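Novice: Before we start, here is the structure in question, set down as structure tokens.
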Amino acid sequence: MKIFTTVATVCLLAATSTAQAADPNLARNLAATCANCHGTNGNAVKGSGMDSLAGMEKAKTLQKLADFKSGDKPASIMHQISKGYTDEQLDLIATYFAAQK
Amino acid sequence: MMLMKRRDFLKVGAAAGAMSALYGCAGGGKASGHVVVVGGGYGGATIAKYLRMWSEGGVQVTLIERNPTFISCPISNLVIGGSKTMEDITVSYDGLKNRWGVRVIQDEVAAVDAAKKTISLKAGGSMSYDRLVLSPGVDFMWDEIPGLKTAEAQSKILHAWKAGPQTVALRKQLEAMKDGGTYAISIPKAPYRCPPGPYERACLVADYFKKNKPKSKVVILDANEDVVSKKGLFMKAWGDLYKGTLEYRNNAEVKDVDVASNTAILEFDKFKADVLNVIPPHRAGDIAHKSGLKLINNRWVDINWLSMESTSTPGIHVLGDAIFPAPTMPKSGHMANQHGKLAAAAILNQLAGLEPSPTPVVMNTCYSFVDAKNVIHVSSVHQYDAATKTVQPVKGAGGVSAARNELEGKVAIGWAKNIWADMLT
């Protein structure tokens, strides 16, 4: 029970120190919106022609997304979709995919 | 079938649950319980998998689906056009069963008892749930087309708006049609399932005629004032590719049919076709429509966008085409998959004693073939807005293809392979 109390206290502190209570699974949930095309957890079906995002370095993913947003990188659809997410959301998504195998 | 005791069923998952029993800052507790999902299409299959995956086996999931395999509506117009087969659009439920530990029952739900939190099955027996997910797609409002009320009439004048035997039957009618014949497709007033779908189908039938029955014609009888989706791109395809083959008529609502003469009856006119394809107006699938949930326009289920939960009946979540959509949100398979993930995340929070995430996001892409190779898309991203309590399309995001192109023809097939895997394997 002692461990329980400690964990609960840490959680309480974490929650109260955040101005807006963000869902701890926010990054996971946001990244899941990409999975329709890029595969579950960023593992695209082999041979499908879609980019796998799992394990991609965060800075690389963010640069690609920034280029799609600015129009520097030509795209069929990602220039439109990337604009639907805030930079903070894209950061969470890129962080999540970088941690996937 | 005997009444299933939840505690017996939960024993099965106890070992898996013990593997990840430590609490984290994720909340008050780890999610556990039994979720029953009704309907194994784009919404239901997705949530079944994601509940199992995200709970690391902690939540038990039963999926009740009347068909033995998943057959995709997206891409099915290519079967009707003749460039794909039914095998190409069929996926087994084995991945959900064997890899993800979803209990898949081939049956139909006869009734829901929201107070007792049980459902009863058509084949007999009942089971209890902690949370119920209804993802039943649509059913047709046959009263709106009285001549189509009988099963016999429905086997002659097809909708093929649910992929399966009707898809095959419509293809056969087109193959059997003589050259010089006319295929007519009727579109109900929006909202309906897959806004660009009827226009895509018209294109693919026109493409088939051009190559195989060049004297034949396609006529679109659209109940709407104008082309509902990707208007500029579809009209350009009709002008460039199908001039003299495809005719578009707006404000042409089919009010009834005469089955014997294969005639569509419009308000002031009649239209006789060799192959008549009537898509009747539709509403939330039967089980969602008759279970006492609050409906809008007596057709679509009103839901809370933080959890996809019925606004009238706590504990019952509704996904996909059956819901009253958020502003500009299409009824699409892609969107149903997104609903499934939104609801999976919310349910796992709720089962752990937490509130659903306050900032859900969903997005959509719809690819349409204008011939066997060239494709056009429409995309959108929708973010939750606390003021309007719904997900709103992000201004400046989303849009359509610059022009039809073969690259997106390949992307559309890649999309299908990935979304099917995302749901089912």
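Novice: Residue by residue through the range B:126-133, which ³J(HN,Hα) values in whole Hz follow from phi under the Karplus form 6.51 cos²θ - 1.76 cosθ + 1.60 (θ = phi - 60°), with glycine and proline marked x?
Specialist: Residue by residue, the range B:126-133 yields 8, 8, 9, 9, 8, 9, 10, 10 Hz.
Novice: Another one. Using the basic label-point model (7 angstrom from Cα toward the beta carbon), what is the B:Asp269 to B:Ser120 distance in nanometres?
Specialist: Inter-label distance under the simple model: 4.9 nm.
Novice: Note down the nm distance, to one decimal, between modelled labels 7 Å out along Cα→Cβ at B:Glu152 and at B:Glu355.
Specialist: That separation, rounded to one decimal, is 5.9 nm.
Novice: Rounded to the nearest 0.05, what FRET efficiency is calculated for B:Ala402 and B:Asp226 with R0 set to 25 Å and r the Cβ-Cβ distance?
Specialist: Between B:Ala402 and B:Asp226 the formula returns 0.75.
Novice: Cut-off 18 Å, label point 7 angstrom out along Cα-to-Cβ of B:Lys215: give me the residues of the range B:266-285 whose amide nitrogen falls inside.
Specialist: Of the residues in the range B:266-285, B:273-275 have backbone N under 18 Å from the label point off B:Lys215.
Novice: Span-like helices, chain B: DSSP H, alpha-carbon axial extent 30 Å or more, mean Kyte-Doolittle 1.0 or greater, which ones?
Specialist: Within chain B not a single helix satisfies the rule.
Novice: OK, next. Rank by packing, highest mean first: peptides B:122-128, B:155-161, with packing defined as the count of other Cβ atoms within 10 Å averaged across residues.
Specialist: B:155-161, B:122-128
Novice: Is the range B:369-425 rounded, prolate or oblate when judged by the Cα gyration tensor, a ≥ b ≥ c being the square roots of its eigenvalues, rounded requiring a/c under 1.5 and prolate requiring a/b larger than b/c?
Specialist: oblate
Novice: Check B:Gly58: other-chain or 5+ apart residues with amide H under 5 Å from its amide H, H built from backbone geometry?
Specialist: Residues meeting the criterion, in which the H sits 1.01 Å from N, do not exist here.
Novice: Which residues make up the longest stretch of chain B that has no GluC sites (Glu not before Pro) in a DSSP loop with at most 14 other Cβ atoms within 10 Å?
Specialist: Here the longest segment lacking exposed loop sites spans B:57-224.
Novice: State which entries of B:Lys270/B:Lys331; B:Lys331/B:Lys373; B:Lys189/B:Lys210; B:Lys117/B:Lys290 exceed 20 angstrom in Cα-Cα distance in the structure shown.
Specialist: In this structure, B:Lys270/B:Lys331; B:Lys331/B:Lys373; B:Lys189/B:Lys210 exceed 20 Å between Cα atoms.
Novice: Let me ask something else about it. Between rounded, prolate and oblate, where does chain B land on the alpha carbon gyration tensor, with a ≥ b ≥ c its root eigenvalues, rounded for a/c under 1.5, else prolate if a/b exceeds b/c?
Specialist: Prolate, since a/c reaches 1.5 and a/b exceeds b/c.
Novice: What shape does the range B:189-246 have by the C-alpha gyration tensor, where a ≥ b ≥ c are the square roots of the eigenvalues, rounded means a/c under 1.5, and otherwise prolate means a/b greater than b/c and oblate the rest?
Specialist: Prolate shape, in that a/c is at least 1.5 and a/b is the bigger ratio.
Novice: Right, something else. Estimate the FRET efficiency between B:Thr425 and B:Lys243 by the formula 1/(1 + (r/R0)^6), using the beta-carbon distance for r and 41 Å for R0, to the nearest 0.05.
Specialist: After rounding, the FRET efficiency stands at 0.45.
Novice: I would also like to ask the following. Taking each residue in B:355-364, count the Cβ atoms of any other chain within 10 Å of its Cβ, then average. What number comes out?
Specialist: Whole-number average of other-chain Cβ neighbours for B:355-364 is 5.
Novice: Say each of B:Asn251 and A:Glu88 gets a label point 7 Å from the Cα, pointing the same way as Cα to Cβ; how far apart are those two points in nm?
Specialist: In this crude label model, B:Asn251 to A:Glu88 measures out at 4.9 nm.
Novice: Could you give the length gained on full extension between B:Ser92 and B:Lys410, defined as 0.36 nm per residue of separation minus the Cα-Cα distance, in nm?
Specialist: Gain in length upon complete extension: 112.2 nm.
Novice: Continuing with the same structure: In whole percent, what relative contact order does chain B give with Cα contacts below 8 Å and a gap of six or more residues?
Specialist: Relative contact order here is 18 percent.
Novice: Under the √(5λ) rule applied to the eigenvalues of the Cα gyration tensor, what semi-axes describe the equivalent ellipsoid of the range A:26-98? Give them in Å, descending.
Specialist: 17, 15, 11
Novice: Let me ask you something else. What order do you get for B:Ser92, B:Ser380 when you list them from fewest to most C-beta neighbours inside 10 Å?
Specialist: The fewest-first ordering by Cβ neighbours comes to B:Ser92, B:Ser380.
Novice: Now a separate question. If amide H atoms are built 1.01 Å from N in the plane of the peptide, which residues on other chains or at least 5 residues away come under 5 Å of the amide H of B:Leu266?
Specialist: Under 5 Å from the amide H of B:Leu266: B:Lys255, B:Phe271.
We did not get these values from a lab; they are worked out from the coordinates using the rules stated. It should be emphasised that the depicted structure is a prediction, and the values quoted were computed from it without experimental measurement. Note that each Cβ is placed from the backbone with ideal geometry, even for glycine, and that neighbours are counted across all protein chains shown.
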